[in-house]
Amino acid sequence: MRLLHTSDWHLGQNFKGYDRHAEHRAFMDWLLDLLAQRQIDALLISGDIFDQANPSAEAQRLFYGFLAQARARCTALDIVVIAGNHDSAARIEAPHPILLGLGVHVVGQFNARLPLDEEMLQRLCIPLHRADGGVGAWALAVPFLRAGDLASAQGDSYGAGIAETYRRIVDAAAERRQPDQALVGMGHLHVQGASVSSDSERRLVIGGEEALDAGIFPAELTYVALGHLHKPQTLGEGRLRYCGSPLPLSYSEIDYLHQVVEIELGGATVISTKAHLIPRPALILRVPAKPLPLDEALAELRELTVDDAPEGLEPLIEVQILASLAPTDMRARVDEALAGKKIRLTGITRTSPQPATASADETTSPRLAMEDLQPERLFQRLLDEHPGIDNPDELHAAFAELLQGAYEEDA
């Protein structure tokens, strides 16, 4: 049987003042075609469906419209959806009784402090059907879990609570499955060793733990379909996989190979995995590619050629200027250079050049752009200046927890 793994759609995202509705619509149209062409048996969506806990009506309409279209085109398709940290667990789960009639299973919340009774197991352990109607695998649909969701003894860490949760669910699922049926885990969390996009991924700061050990996932899981990190990547010898987001959610992600992942199962074994690269509906560019003096940057902007695109799919452009001070007419000159081009200008960033007296042998730190004046980036710069420091991961986690506390106090 064939499964398709996707995550982190972030419907309703606003990119530097521009909505992504047309881009998400194009992605969904492409995904619908892929589901039909590849004769996919089950679609797994591993969290962060929406960009905000209170998504717009337009974003919700887009998502639920996609579910209806997917089932209309692929009538036997199983769809499993879990909530991510950006989603409202209660809101995303509210229409579950109706969606279940369409073959869509939604798990928004799970209280691991309660016993795993039969009703709860039916919500978390979901049979995935082959084309012949037989059960070929089981999806263990674990949504994003907060510390309050976990059953933990005094002194237990968040990671220990997550590990215990997966262990209990796997043990219960093992009693239901047949030997030739795979157990496929789902989760929305940060696994140690994975690359992070600090510009757009909200830190998961829980009990001082930022990332969790890959060993929390029991060996019985044939494949683990993860969400939260936007860069496609594999861990645990390929058994754990982030498919990544379908669209770049910040300029730091424009070089990612955005994809969905097809998993082919033969009995309880993964036969193959195949990444399907997602066509980028709208170009996202930095022009020039690196900061240049204003006149040189303007020359590149005048030479820039873009194809006509439908409304909402015009290229998103950020202009990078190298200058000590911003000329008062800088925006006007940029607008003049881009006149007549169908683009969406997301902003102009200015980077100060290094002092002329600095030599290659000196250790003068580079001047920071305005976008670099973020707490996480400044803290990382401090760590970079002290390469011999002990336990940088622990310091990152401690700093992130303090920062989260500051945000909550400010709110």
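Take the Cα of A332, step 7 Å toward its Cβ, do the same at E237, and the gap between the two points is 6.6 nm.
What the Cβ-Cβ distance of E175 and F379 gives, at R0 = 56 Å and to the nearest 0.05, is a FRET efficiency of 0.75. Residues whose amide H comes within less than 5 Å of that of G136, counting only those at least five positions distant or on another chain, are L128, H129, R130 (H built at 1.01 Å from N in the peptide plane). Summary of packing: across the peptides 6-13, 28-35, the per-residue average of other C-beta atoms within 10 Å ranks them, highest first, as 6-13, 28-35. Given their separation in residues at 0.36 nm each and the Cα-Cα distance between them, Q39 and A76 gain 12.3 nm when the chain is fully extended. Residue-wise HN-Hα couplings along region 49-66, as the Karplus relation 6.51 cos²θ - 1.76 cosθ + 1.60 with θ = phi - 60° gives them from phi, are 4, 10, 7, 9, 5, 10, x, 5, 4, 5, 5, 5, 4, 5, 5, 5, x, 4 Hz; Gly and Pro carry x.
Only Cα sites of region 103-148 enter the Debye sum here, all with the same form factor; the resulting log10 I(q)/I(0) across q = 0.18 1/Å is -0.61, listed in q order. Packing, taken as the mean count of other beta carbons within 10 Å per residue, orders the peptides 98-106, 323-331 from highest to lowest as 98-106, 323-331.
State, to one decimal in nm², a quarter of the convex hull surface area for the C-alpha atoms of region 204-359, i.e. the direction-averaged projected area.
15.1 nm²
Counting charges near I40 (Lys, Arg +1; Asp, Glu -1) among other residues having Cβ under 9 Å from its Cβ returns a value of 0. Between I348 and R130, the simple spin-label model (points 7 angstrom out along Cα→Cβ) gives 6.3 nm. In order along region 94-101, phi translates into HN-Hα couplings of 3, x, 3, x, 6, 5, 4, x Hz, rounded to whole numbers, per the Karplus curve 6.51 cos²θ - 1.76 cosθ + 1.60 with θ = phi - 60° and x for Gly and Pro. Max-minus-min Cα coordinates of region 2-277 on each principal axis give 47, 46, 36 Å, with the largest extent listed first. Here I271 and A219 are evaluated by their C-beta separation; at R0 = 30 Å the FRET efficiency comes out at 0.95.
Amide H contacts for H190 (H built 1.01 Å from N in the peptide plane; partners 5 or more residues away or on another chain; cut-off under 5 Å): L212.
Annotation: amide H of H105 within the under-5 Å range of I79, V80, V81, sequence separation 5 or more or interchain, hydrogens built in the peptide plane.
Whole-Hz Karplus values for region 15-28 come out as 9, 6, x, 10, 7, 10, 4, 5, 5, 5, 4, 5, 4, 5 Hz, taken residue by residue from phi with 6.51 cos²θ - 1.76 cosθ + 1.60 and θ = phi - 60°; glycine and proline positions read x.
Bear in mind that the values in this text are calculations on the coordinates, not laboratory data. None of these values were measured; they are calculated from a predicted model. Counting neighbours? That spans all protein chains shown, and the Cβs are built from the backbone with ideal geometry, glycine included.
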